[in-house]
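*Asks:* Let me give you the structure first, and then I'll get to my questions.
The values are calculated or read from the model by the stated rules, or taken from the named source; none is laboratory data. These numbers were taken from a predicted model, which means no experiment stands behind them. Note: ideal-geometry Cβ built from the backbone for every residue, glycine included; neighbour counts use all protein chains shown. The protein model used for the area step is the full one, side chains on, heavy atoms only, and it has no ligands, DNA or RNA in it. Shrake-Rupley method; radii C 1.70, N 1.55, O 1.52, S 1.80 Å.
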Amino acid sequence: MARQLLGKEVTAALNEKIKSRAAALKEKGVEPTLGIIRVGEREDDLSYERGAVKRCETLGVACKKILLPADVTQEVLMDAVRQVNEDDSIHGVLIFRPLPRHLDEEAVIRALDPAKDVDGITDGSMVGVFAGREQGFPPCTPQACMEILDHYQIDCTGKKAVVVGRSLVVGKPAAMMLLKKNATVTVCHTRTKDMPSVVKEADIVIVAAGRAGVVDDRYVSPGQIIIDVGINVNDQGRLCGDVAYDKVEPIVDAITPVPGGVGSVTTSVLVGHVVEAAARKCR
Ligand code: NAP
């Protein structure tokens with residue numbers, strides 16, 4: 001039976017670190033603060049916001065919300081972004097996306113100060129990830145994958161890593177972050193030939209394809225570590241990953257479940273970024 005790499009164990013350890021860092025900053029007179037810009041009232045956004053605000057409260061991070069109507073103009077939204085950029089009491093900013101269709105999302109992202117981009121959506125943050133330097137913040141989901149590897153002391157140095165998926169939000173940054181950890185990285189996508197044999201060769205596999213059960217027993221081999229980023233709803237209406245868990249788990253060494261794996265770590269990563277942004281301001 002494979003070892004389960006559990007999000008709640010990673011989150012518990014991460015939360016302790018974040019909490020004590022936030023408390024230390026407060027002692028220096030800095031209260032780490034997340035600015036939330038939400039346009040409209042999409043149920044997905046509201047539910048993520050409730051989770052993020054609750055996690056912030058538990059960990060000693062304040063939240064300031066800027067709530068705008070669904071029919072807000074580009075001008076008013078750009079003003080809100082300028083306002084959070086200039087507000088020294090706000091250290092990190094979360095902008096809910098996708099924005100309503102009448103708004104120019106790219107312009108909004110371009111306007112955000114990368115130093116406050118705790119969700120890793122700006123080009124500035126992406127440069128930081130690709131250059132391997134402290135600039136902006138990596139997107140929370142690939143960072144959550146790295147936190148899982150770190151927590152379970154999975155050393156990537158010299159290991160063969162395969163990332164399935166090449167999106168800018170998960171696959172590409174995950175590949176760069178594995179490279180920074182000295183893995184030898186291959187990225188697979190829909191044009192990859194003979195993907196099962198490529199994936200089978202890896203020591204560490206991160207799957208972010210957005211297709212339920214795309215990696216099954218034909219793709220894996222004994223000894224592998226499997227990180228499943230996927231969040232899908234199956235025919236029975238249940239959450240499932242991009243990995244066919246029941247077929248893969250008996251073969252590999254360790255695997256993240258869905259739900260209860262990567263997804264449960266991302267909110268803490270976001271809050272951790274806010275605390276890091278506040279700490280950088282103090283340096
Ligand atoms: P995306 O933008 O749709 O990208 C999917 C990538 O997977 C693409 O690069 C695509 O290749 C590749 N792909 C799709 N089907 C494939 C196949 N059969 N074989 C090989 N490669 C395949 O998705 P995403 O935003 O990266 O998200 C990926 C998954 O992660 C989704 O299930 C999403 O729900 C989940 N997710 C989870 C979290 C979390 O917090 N856990 C956060 C964000 C996303 P091409 O480039 O060739 O099209």
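*Asks:* Could you work out how far apart the two model spin labels at ASP155 and LEU168 are, taking each label as a point 7 Å from the Cα in the direction of the beta carbon, and quote it in nm?
*Replies:* 3.7 nm
*Asks:* Kindly state, to the nearest 0.05, the FRET efficiency for ASP123 paired with MET1, given R0 = 45 Å and r defined as their beta-carbon distance.
*Replies:* 0.55
*Asks:* Continuing with this model, one more query. Leaving out ligands and nucleic acids, note down the accessible area per residue over the chain with a 1.4 angstrom probe, in whole Å².
*Replies:* 48 Å²
*Asks:* Now a separate question. Distance cut-off 30 Å, Cα to Cα: go down the list LYS54/LYS247; LYS28/LYS116; LYS26/LYS116; LYS28/LYS181; LYS19/LYS116; LYS19/LYS181 and report the pairs above it.
*Replies:* LYS54/LYS247; LYS28/LYS181
*Asks:* Mind putting together the pair-distance distribution for segment 125-283? All Cα pairs, 10 Å bins, whole percent per bin, short to long.
*Replies:* Whole-percent P(r) values from 0 Å outward: 11, 41, 34, 11, 2, 0.
*Asks:* Related question: Modelling each spin label as a point 7 Å along the Cα-to-Cβ direction, I'd like the GLU9/LYS247 distance in nm, to one decimal.
*Replies:* It is 2.7 nm.
*Asks:* Against the longest alpha carbon principal axis of the chain, how many degrees, from 0 to 90 and to the nearest 10, is the axis of helix 171-180 turned?
*Replies:* 80 degrees
*Asks:* Read phi for every residue in segment 111-124 and hand back ³J(HN,Hα) as whole Hz from Karplus 6.51 cos²θ - 1.76 cosθ + 1.60, θ = phi - 60°, with x for Gly and Pro.
*Replies:* Each residue of segment 111-124 in turn: 6, 6, 5, x, 5, 9, 7, 5, 9, x, 10, 8, 4, x Hz.
*Asks:* What order do you get for 34-40, 191-197, 3-9 when each peptide is scored by the mean count of other beta carbon atoms within 10 Å, highest first?
*Replies:* Per-residue mean Cβ counts within 10 Å order the peptides as 34-40, 3-9, 191-197.
*Asks:* Would you pull out the residues with amide H under 5 Å of CYS240's amide H, same chain only if 5 or more places away, H placed 1.01 Å from N?
*Replies:* Those lying under 5 Å, H to H, from CYS240 are ASN232, VAL233, ASN234.
*Asks:* Under a point spin-label approximation (7 Å from Cα along Cα-to-Cβ), what is the LYS26-ASP44 distance to one decimal in nm?
*Replies:* Placing both labels 7 Å along Cα→Cβ, they lie 3.4 nm apart.
*Asks:* Using Cα atoms only, what is the angle between the long axis of helix 43-59 and the major principal axis of the chain, expressed in degrees (0 to 90) to the nearest 10?
*Replies:* Once rounded, the angle reads 80 degrees.
*Asks:* I'm a student and want to see the number: the projected area of the Cα convex hull of segment 42-169, averaged over all directions, in nm².
*Replies:* For segment 42-169, averaging the hull's shadow over all directions gives 9.7 nm².
*Asks:* Follow-up question, since we're still on this one. If I fit a long axis through the Cα atoms of helix 263-282 and take the longest principal axis of the Cα atoms of the chain, what angle between them do I get, 0 to 90°, rounded to 10?
*Replies:* 50 degrees
*Asks:* Based on the Cβ-Cβ distance from LYS19 to ASP79, what FRET efficiency comes out when R0 is 41 Å, to the nearest 0.05?
*Replies:* That gives a FRET efficiency of 0.75.
*Asks:* Please list, in order, the residues from segment 77-102 whose amide nitrogen is less than 14 Å from a point placed 7 Å along the Cα→Cβ vector of ASP113.
*Replies:* 80-94
*Asks:* Do you know the relative contact order of segment 57-162, to the nearest whole percent, from alpha carbon pairs under 8 angstrom that are 6+ apart?
*Replies:* Once normalised by length, the contact order is 17 percent.
*Asks:* So which chymotrypsin sites (Phe, Trp or Tyr not before Pro) in segment 71-166 are both in a DSSP loop and have at most 16 other Cβ atoms within 10 Å of their Cβ?
*Replies:* Listed in order of number, the matching sites are TYR152.
*Asks:* Now, a different point. How long are the semi-axes of the ellipsoid equivalent to the chain, from square roots of 5 times the Cα gyration tensor eigenvalues, in whole Å, largest first?
*Replies:* 33, 21, 18
*Asks:* Summarise the accessible area of the chain (1.4 Å probe, protein heavy atoms) by the percent that is carbon and sulfur.
*Replies:* Ligands and nucleic acids excluded, carbon and sulfur reach 50 percent.
*Asks:* What list of ³J(HN,Hα) values in whole Hz, one per residue of segment 213-223 in order, does the Karplus curve 6.51 cos²θ - 1.76 cosθ + 1.60 (θ = phi - 60°) give from phi, with Gly and Pro shown as x?
*Replies:* x, 5, 9, 10, 4, 6, 9, 10, 9, x, x
*Asks:* Okay, moving on. If you place +1 on the Cβ of every Lys and Arg and -1 on the Cβ of every Asp and Glu, how big does the dipole about the Cα centre of the chain come out, in debye to the nearest 20?
*Replies:* Once rounded to the nearest 20, the dipole reads 560 debye.
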